[in-house]
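K.L.:
Let me give you the structure first, and then I'll get to my questions.
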Amino acid sequence: MIYIINGPNLNLLGKREIMVYGTITLDSITENVRALASQMGRVVEFFQSNSEGEIINIIHQARDSAEGIIINPGAYTHYSYAIRDAIAAVTLPTIEVHISNVHNREEFRHNSVISPVCRGVICGFGIEGYVYALMSLDTYLSERNQINRGQ
Ligand code: DQA
(Lines give C-alpha, C1' and ligand atoms only; values in the text may rest on other atoms or scores of the structure.)
Protein backbone atom coordinates (compact mmCIF):
# COMPACT_ATOMS: atom_id res chain seq x y z
CA MET A 1 0.00 0.00 0.00
CA ILE A 2 1.24 3.47 -0.93
CA TYR A 3 -0.26 6.59 0.63
CA ILE A 4 -0.67 9.61 -1.65
CA ILE A 5 -1.24 12.69 0.47
CA ASN A 6 -2.25 16.09 -0.87
CA GLY A 7 -2.18 19.17 1.30
CA PRO A 8 -4.03 22.48 1.43
CA ASN A 9 -5.87 23.93 -1.57
CA LEU A 10 -5.14 20.92 -3.76
CA ASN A 11 -8.83 19.99 -3.52
CA LEU A 12 -9.34 23.03 -5.78
CA LEU A 13 -7.17 21.67 -8.62
CA GLY A 14 -8.82 22.32 -11.95
CA LYS A 15 -10.42 25.49 -10.61
CA ARG A 16 -7.46 27.13 -8.92
CA GLU A 17 -4.84 29.26 -10.76
CA ILE A 18 -5.22 27.13 -13.86
CA MET A 19 -2.32 28.89 -15.61
CA VAL A 20 -0.05 27.42 -12.91
CA TYR A 21 -1.73 24.14 -11.98
CA GLY A 22 -3.73 23.22 -15.12
CA THR A 23 -7.34 22.16 -15.53
CA ILE A 24 -7.16 18.59 -14.26
CA THR A 25 -9.01 17.88 -11.04
CA LEU A 26 -7.73 15.90 -8.08
CA ASP A 27 -10.40 13.27 -8.83
CA SER A 28 -8.99 12.63 -12.32
CA ILE A 29 -5.42 12.48 -10.98
CA THR A 30 -6.64 9.95 -8.43
CA GLU A 31 -8.30 7.86 -11.14
CA ASN A 32 -5.22 7.88 -13.44
CA VAL A 33 -2.73 7.11 -10.69
CA ARG A 34 -4.95 4.35 -9.27
CA ALA A 35 -5.15 2.73 -12.73
CA LEU A 36 -1.35 2.84 -13.13
CA ALA A 37 -0.86 1.47 -9.63
CA SER A 38 -3.13 -1.47 -10.29
CA GLN A 39 -1.15 -2.29 -13.48
CA MET A 40 1.91 -2.42 -11.22
CA GLY A 41 0.11 -4.60 -8.72
CA ARG A 42 0.16 -1.85 -6.12
CA VAL A 43 -2.63 -0.41 -4.03
CA VAL A 44 -2.74 3.35 -3.48
CA GLU A 45 -4.75 5.22 -0.89
CA PHE A 46 -5.46 8.91 -1.53
CA PHE A 47 -5.91 11.58 1.13
CA GLN A 48 -6.40 15.33 0.90
CA SER A 49 -6.56 17.69 3.81
CA ASN A 50 -6.38 21.42 4.32
CA SER A 51 -5.27 20.98 7.90
CA GLU A 52 -1.74 20.40 9.16
CA GLY A 53 -2.78 18.19 12.12
CA GLU A 54 -4.84 15.93 9.90
CA ILE A 55 -1.92 15.49 7.48
CA ILE A 56 0.31 14.55 10.43
CA ASN A 57 -2.29 12.00 11.64
CA ILE A 58 -2.40 10.45 8.16
CA ILE A 59 1.41 10.18 8.09
CA HIS A 60 1.31 8.47 11.52
CA GLN A 61 -1.37 6.10 10.22
CA ALA A 62 0.90 5.27 7.27
CA ARG A 63 3.44 3.89 9.73
CA ASP A 64 1.32 0.78 10.28
CA SER A 65 -0.44 0.56 6.92
CA ALA A 66 1.85 1.78 4.14
CA GLU A 67 5.15 0.84 2.51
CA GLY A 68 5.77 4.34 1.21
CA ILE A 69 4.39 7.85 0.91
CA ILE A 70 3.98 10.31 -1.96
CA ILE A 71 3.19 13.76 -0.62
CA ASN A 72 2.41 17.16 -2.06
CA PRO A 73 2.30 19.24 1.11
CA GLY A 74 1.14 22.41 -0.74
CA ALA A 75 2.21 25.59 1.01
CA TYR A 76 3.12 23.61 4.17
CA THR A 77 6.18 22.53 2.16
CA HIS A 78 7.79 25.84 2.88
CA TYR A 79 7.36 26.06 6.66
CA SER A 80 5.85 22.99 8.37
CA TYR A 81 8.52 21.53 10.63
CA ALA A 82 5.71 19.44 12.16
CA ILE A 83 5.03 17.64 8.85
CA ARG A 84 8.77 17.24 8.31
CA ASP A 85 9.14 15.67 11.78
CA ALA A 86 6.21 13.32 11.15
CA ILE A 87 7.86 12.05 7.93
CA ALA A 88 11.18 11.63 9.74
CA ALA A 89 9.41 9.77 12.57
CA VAL A 90 7.72 7.13 10.42
CA THR A 91 10.89 6.31 8.42
CA LEU A 92 8.96 5.30 5.28
CA PRO A 93 10.42 6.07 1.84
CA THR A 94 8.73 9.35 0.95
CA ILE A 95 8.67 11.28 -2.31
CA GLU A 96 7.77 14.96 -2.40
CA VAL A 97 5.79 16.12 -5.43
CA HIS A 98 4.99 19.60 -6.71
CA ILE A 99 2.89 20.20 -9.77
CA SER A 100 4.52 23.55 -10.52
CA ASN A 101 8.23 24.30 -10.70
CA VAL A 102 8.53 25.96 -7.30
CA HIS A 103 12.00 27.24 -8.24
CA ASN A 104 10.79 29.54 -10.99
CA ARG A 105 8.08 31.05 -8.81
CA GLU A 106 8.08 33.40 -5.81
CA GLU A 107 11.15 33.30 -3.58
CA PHE A 108 9.26 31.91 -0.56
CA ARG A 109 8.55 28.74 -2.59
CA HIS A 110 12.22 28.04 -3.30
CA ASN A 111 12.86 26.43 0.06
CA SER A 112 11.30 23.17 1.24
CA VAL A 113 11.64 22.09 4.86
CA ILE A 114 10.27 18.68 3.77
CA SER A 115 12.89 17.72 1.13
CA PRO A 116 15.70 16.81 3.59
CA VAL A 117 13.59 13.92 4.97
CA CYS A 118 12.46 12.65 1.54
CA ARG A 119 14.10 10.16 -0.82
CA GLY A 120 13.55 12.53 -3.70
CA VAL A 121 11.63 15.50 -5.03
CA ILE A 122 9.73 15.80 -8.30
CA CYS A 123 8.60 19.25 -9.30
CA GLY A 124 7.54 21.16 -12.37
CA PHE A 125 6.17 18.27 -14.46
CA GLY A 126 2.51 19.01 -13.79
CA ILE A 127 0.32 16.17 -12.67
CA GLU A 128 2.70 13.69 -14.36
CA GLY A 129 4.79 14.21 -11.24
CA TYR A 130 2.51 11.85 -9.31
CA VAL A 131 3.05 9.18 -11.99
CA TYR A 132 6.85 9.58 -11.89
CA ALA A 133 6.78 9.43 -8.09
CA LEU A 134 4.77 6.21 -8.17
CA MET A 135 7.10 4.65 -10.75
CA SER A 136 10.15 5.54 -8.73
CA LEU A 137 8.67 4.30 -5.44
CA ASP A 138 7.58 1.06 -7.13
CA THR A 139 11.13 0.45 -8.41
CA TYR A 140 12.65 1.25 -5.02
CA LEU A 141 10.24 -1.03 -3.10
CA SER A 142 10.70 -3.91 -5.57
CA GLU A 143 14.51 -3.64 -5.38
CA ARG A 144 14.40 -3.47 -1.59
CA ASN A 145 12.20 -6.60 -1.45
CA GLN A 146 14.64 -8.45 -3.69
CA ILE A 147 17.57 -7.47 -1.48
CA ASN A 148 15.64 -8.56 1.63
CA ARG A 149 14.91 -11.91 0.02
CA GLY A 150 18.64 -12.25 -0.66
CA GLN A 151 18.28 -12.28 -4.46
C1 DQA B 1 2.53 23.25 -4.83
C2 DQA B 1 3.51 24.42 -4.73
C3 DQA B 1 3.31 25.16 -3.41
O4 DQA B 1 4.21 26.26 -3.33
C5 DQA B 1 1.90 25.71 -3.35
O6 DQA B 1 1.69 26.36 -2.11
C7 DQA B 1 0.87 24.66 -3.59
C8 DQA B 1 1.10 23.70 -4.65
C9 DQA B 1 2.63 22.53 -6.21
O10 DQA B 1 2.12 21.43 -6.30
O11 DQA B 1 3.16 23.09 -7.16
O12 DQA B 1 -0.19 24.67 -2.98
O13 DQA B 1 2.86 22.29 -3.83
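The values are calculated or read from the model by the stated rules, or taken from the named source; none is laboratory data. Since the model is a prediction, treat every value here as computed from it, not as a measurement. Positions of Cβ are generated from backbone atoms using ideal geometry, with glycine treated the same way; all protein chains shown enter the neighbour counts. We work out accessible area using only protein heavy atoms, side chains counted, and drop any ligands, DNA or RNA first. Shrake-Rupley method; radii C 1.70, N 1.55, O 1.52, S 1.80 Å.
K.L.:
Can you give the relative contact order of the chain as a percent, counting alpha carbon pairs under 8 Å and 6+ residues apart? Provide the component values of the computation, followed by the final result.
P.N.:
Values: 243 pairs, mean separation 36.8, N = 151.
Value for the chain: 24 percent.
K.L.:
If R₀ is 41 angstrom, what is the calculated FRET efficiency for the pair Ala88 and Asn9, using the beta carbon separation as r and rounding to 0.05?
P.N.:
Details: r = 24 Å, r/R0 = 0.60.
Once rounded, the FRET efficiency stands at 0.95.
K.L.:
Scan around Val97 for amide H atoms under 5 Å from its own, H built in the peptide plane at 1.01 Å from N, and keep only partners 5 or more places away or cross-chain.
P.N.:
Close amide H contacts, sequence-distant or interchain: Ile71, Asn72, Ile122.
K.L.:
Separation between the Arg119 and Met19 pseudo-spin-labels, each 7 Å from Cα along Cα→Cβ, expressed in nm?
P.N.:
Here the modelled spin labels are 3.7 nm apart.
K.L.:
May I ask you to list the GluC sites (Glu not before Pro) in the range 1-103 that are in a DSSP loop and have at most 16 other Cβ atoms within 10 Å of their Cβ?
P.N.:
Values: sites: Glu17, Glu31, Glu45, Glu52, Glu54, Glu67, Glu96; in loops: Glu17, Glu67.
Sites meeting the loop and neighbour criteria: Glu17.
K.L.:
With a ≥ b ≥ c the root eigenvalues of the C-alpha gyration tensor of the range 6-75, is it rounded (a/c under 1.5), prolate (a/b larger than b/c) or oblate? It would help to have the intermediate numbers written out before the result.
P.N.:
Details: a/c = 2.95, a/b = 1.19, b/c = 2.47.
Note, shape of the range 6-75 comes out oblate.
K.L.:
Also, I was wondering about something else. Would you kindly derive the ³J(HN,Hα) couplings of the range 135-146 from the backbone phi angles with the Karplus curve 6.51 cos²θ - 1.76 cosθ + 1.60 (θ = phi - 60°), listing them in order in whole Hz, with x for Gly and Pro?
P.N.:
The phi angles translate into 4, 5, 5, 4, 4, 4, 5, 5, 5, 5, 5, 5 Hz.
K.L.:
OK, next. Could you work out what % of the accessible surface of the chain is carbon and sulfur, using a 1.4 angstrom probe and leaving DNA, RNA and ligands out of the count?
P.N.:
On the way: 3800 of 7720 Å².
So the carbon and sulfur contribution to the accessible surface is 49 percent.
K.L.:
Sticking with the crude label model, points 7 Å out along Cα→Cβ, report the distance from Ser51 to Tyr81 in nm, one decimal please.
P.N.:
Computed distance between label sites Ser51 and Tyr81 equals 2.3 nm.
K.L.:
Could you sort 115-122, 126-133, 3-10 so that the peptide with the highest average Cβ count within 10 Å comes first and the rest follow in order?
P.N.:
3-10, 126-133, 115-122
K.L.:
Could you point to the residue in Gly41, Ile58, Ile29 farthest towards the positive end of the range 28-70's charge dipole, with +1 and -1 charges on the Cβ of Lys/Arg and Asp/Glu respectively?
P.N.:
Gly41
K.L.:
A further question follows. Using the Cα centre as the reference, give the magnitude of the dipole from point charges on the C-beta atoms of the chain (Lys, Arg: +1; Asp, Glu: -1; all else neutral), rounded to the nearest 20 debye. Don't skip to the answer; put the middle values down first.
P.N.:
Working: 11 positive and 15 negative charges, 39 e Å.
Its charge dipole is roughly 180 debye.
K.L.:
Shifting gears a bit: Of all beta bridges DSSP finds with both residues in the chain, what is the antiparallel percent, to the nearest 5?
P.N.:
Details: 0 of 17 bridges.
Roughly 0 percent of the DSSP beta bridges within the chain come out antiparallel.
K.L.:
Give a residue-ordered list of calculated ³J(HN,Hα) values for the range 105-115 (Karplus: 6.51 cos²θ - 1.76 cosθ + 1.60, θ = phi - 60°; whole Hz; x for Gly, Pro).
P.N.:
Rounded to whole hertz, the list is 10, 4, 4, 5, 8, 6, 9, 10, 7, 8, 3.
K.L.:
Seen from all sides and averaged, what is the projected area of the convex hull of the Cα atoms in the chain, in nm²?
P.N.:
Values: hull surface 34.4 nm².
Reported value for the Cα convex hull: 8.6 nm².
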